[in-house]
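Note sheet for the following structure.
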Amino acid sequence: MNDDETFEVPPVPEGRVPLRIAGQVAAVGALAGGLEGLIVGWRSRLLLTGLERAELTLGAVVADSLLAFAAGLVGGVIAWRMRGWTPLWRRYQRGFGAAWTLLTAFALLPLVAEMARRGDLKNVVGSSVVLASTSFMGFLLSGFAYRREFIGLTPRIGFRIPAAFGALALVGLSVLVGQEDRPPTNPPPPQATNVVLISVDTLRRDALGTYGSATATPNLDRLAREGAAFDAAITPLPETAPSHSAMLTGQHPRHTGVVQNGRALSLREQTVAEQFQAVGWRTGAFVSSFALDSSVGLDQGFEVYDDDFAPRFRGIAEFRAGWLGLRLLLRYGDPADWPALLERRGDATVARALAWVDTVPPEQPIFLWVHLFDPHSPYDLHGEPGPEVDHRAILAKEPGYAYSDAEVEGLKRQYAAEVHFTDAQIGVLLDGLRARHRLDQAAVLAVGDHGESLGEHGIHFNHHGLYDDVLRVPLLLWQTRMGWEPGARNDDQVTEMDVANTLLEAAGVPKLVGTRSQALQDRLGGAQQPGSPQFLLGRTDSAWLYGIRSPNGVKYLETDAGAPELYSLPDDPHELHDLAPTQEKAVRQAHESVQGLKRGVDHSAPEGATAEMLEALGYTDPDATLAAPELAPAGAPPAAPVTPEAPAVPPAPPSSGAPPK
């Protein structure tokens, strides 16, 4: 009698093999989920309570066991359908091995893909070896276990009951093994400066009182009054993730590759948070939009990166099984129906930021980044009365919606109300930090990531294009030790890339090297530093845009197809008079500069569920020397006068209301 004949009589009826395999693999999944929950709870950079860690770990146990049960059914059906091809014990082994491999691949392949995307080839190879060896081990063990069971050596209690108790024990342990106090390795200097970065999504420069708006923004205005305001700050790319990558790395988005939402920052890039953490600062980030989810890579250097917009639910996305469930929910449902999974109100973000500050001993300095999202479309009002215009309903319509004059005026008022609400939350944050004595020795920088078009150039309520309505941002700097008079104003052209070294300079921390970031404090001592021309990137509904904005106010724009535009901003601040037809030399000069730089831009779009989540939030689909265009002498023939009613640049088509963020 050969080996196959010896084990042809099964310990269980052949028809129950799929369920038997599924049950055993589900037990493995439950243990894996408990272990995953324990590890994630310990390493998570979400700000979680012990109860939340237990809930999330239990969710991981349930989700992983259900996923493993499904994988086991697949393997069991494979084993059952192979009857007649090979002996039952071999079919059982292959079916169990297939289910085990599916479970292991689900656990490890996302990590392998993420490390490959970030260029971590050493760990890609190591994780791939672990995946292959674990799958092979499961295959061998399944055959061994089958033989033991056949000859009666398997304990009566079986494997599934101990697995269940083990999973529950891991859930309980996750309450105790959570976010411990993990101070940086290097102690900070005595009397170190606390540093606070406040970034506000979609905040126009002229939306603040300090820049001439009638909107009440007393808290931001106070920062300008007691600190300094920069009047000509711009973003190099008006989208959320690219603009924030510029702030935190001091690099142009073209250099980092983060040229649109859904792109991730490489681990090779150095961030402000990593620099602070290396010299002893405690680092925490609290963001309010999925566009800045930790998958974007801006979490580098933050010990707490809180993107948990819906505690007890979205937090499960920290686990692979839960993340799959969330993506399926948003893939086959309408992501716009689940805004709580994709964004967070400013008051909730501020509350969690202050809760984290309370966990840091007073003698340890902090670098705190708080990102507020409320002014981004759709414009919802947080309180009474309700909104005049249902902006969400409008954005749900087909692209090309034609806004009425009444809707335009109503939405402008709603945008202003969102800005006012955001300013109030900034006041709560600053008052909370002041009450905790975190502003006794501190620096605070507040900045908009980009502006918003409110009908200018025919663009309604998004930040398409590269006109100054979306490029210019408010930038305010306050610190306890100032080398300038309170209320100082500076009109040099500066960019969000300058945020990085400005924050480090304020704390006396070594600056990031190899960047285009300049400390803004140097511009407040009296001497003018006009700066250099800036390469601009942007998008419309259907095309990429490129441009140059020079310190003297000459601005050049073009699309992928060419279509140049040229403006003299000192004479034409609203960009209504296109000088390109009469300034051929300047256009040619600027075009040649842009051509070399734009070839290095990766235009591929994010895919899958990430793209769908960004769309639900309202998003649609310089290392070289840059020469600024020079206008012809004053004696050259002037451009024909253009009235606002007959602009030289054709108005953009009505926006779909789905801006890139």
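At a Förster radius of 30 Å, what calculated FRET efficiency corresponds to the Cβ-Cβ distance of D560 and L66, to the nearest 0.05? Present the calculation step by step, with values, prior to reporting the outcome.
On the way: r = 47 Å, r/R0 = 1.56.
For D560 and L66, the calculated efficiency is 0.05.
Highest first, please rank the peptides 450-462, 228-240 by the mean number of other Cβ atoms sitting within 10 Å of their residues.
Working: 450-462: 22.6, 228-240: 26.2.
Result, highest mean first: 228-240, 450-462.
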Checklist entry - Which cross-chain or sequence-distant (5 or more) residues have an amide H under 5 Å from the amide H of T540, H modelled 1.01 Å from N in plane? => result G465, L545
Checklist entry - Going through the stretch 242-277, which trypsin sites (Lys or Arg not before Pro) have at most 15 other Cβ atoms within 10 Å and a DSSP loop state? => result R268
Checklist entry - In whole Hz, what ³J(HN,Hα) sequence does the stretch 568-575 give by Karplus (6.51, -1.76, 1.60; θ = phi - 60°), x for Gly and Pro? => result 10, 5, x, 8, 9, x, 8, 6
Item to check | Backbone HN-Hα couplings from phi across the stretch 219-225 [Karplus 6.51/-1.76/1.60, Hz, Gly and Pro as x] | outcome: 6, 5, 5, 5, 4, 5, 5
Checklist entry - Do you know the relative contact order of the stretch 442-592, to the nearest whole percent, from alpha carbon pairs under 8 angstrom that are 6+ apart? => result 16
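To the nearest whole percent, what portion of all C-alpha pairs in the stretch 386-499 is separated by more than 24 angstrom?
Details: 2888 of 6441 pairs.
Counting every Cα pair in the stretch 386-499, those more than 24 Å apart make up 45 percent.
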Checklist outcome for this item: Of all trypsin sites (Lys or Arg not before Pro) in the stretch 542-606, the ones in DSSP coil with at most 14 other Cβ atoms within 10 Å are R599
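What is the magnitude of the charge dipole of the stretch 244-299 about its Cα centre, with +1 placed on the Cβ of each Lys and Arg, -1 on the Cβ of each Asp and Glu, and no other charges, expressed in debye to the nearest 20?
Values: 4 positive and 4 negative charges, 23 e Å.
Magnitude of the dipole: close to 100 debye.
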Item to check | Computed over the stretch 439-503, Kirkwood Rh from alpha-carbon pairs, angstrom | outcome: 13.8
Item to check | Sequence-distant residues sharing a close amide H with Q479 (under 5 Å, placed H) | outcome: V444
Checklist outcome for this item: Residues whose modelled amide H sits under 5 Å from the amide H of H450, counting only those 5 or more places away in sequence or on another chain, are T202, L203
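FYI, it's all coordinate maths here, none of it is from the lab. All values derive from a computational prediction rather than experimental measurement. Please note: Cβ atoms are built from the backbone with ideal geometry, for glycine as well, and neighbour counts cover all protein chains shown.
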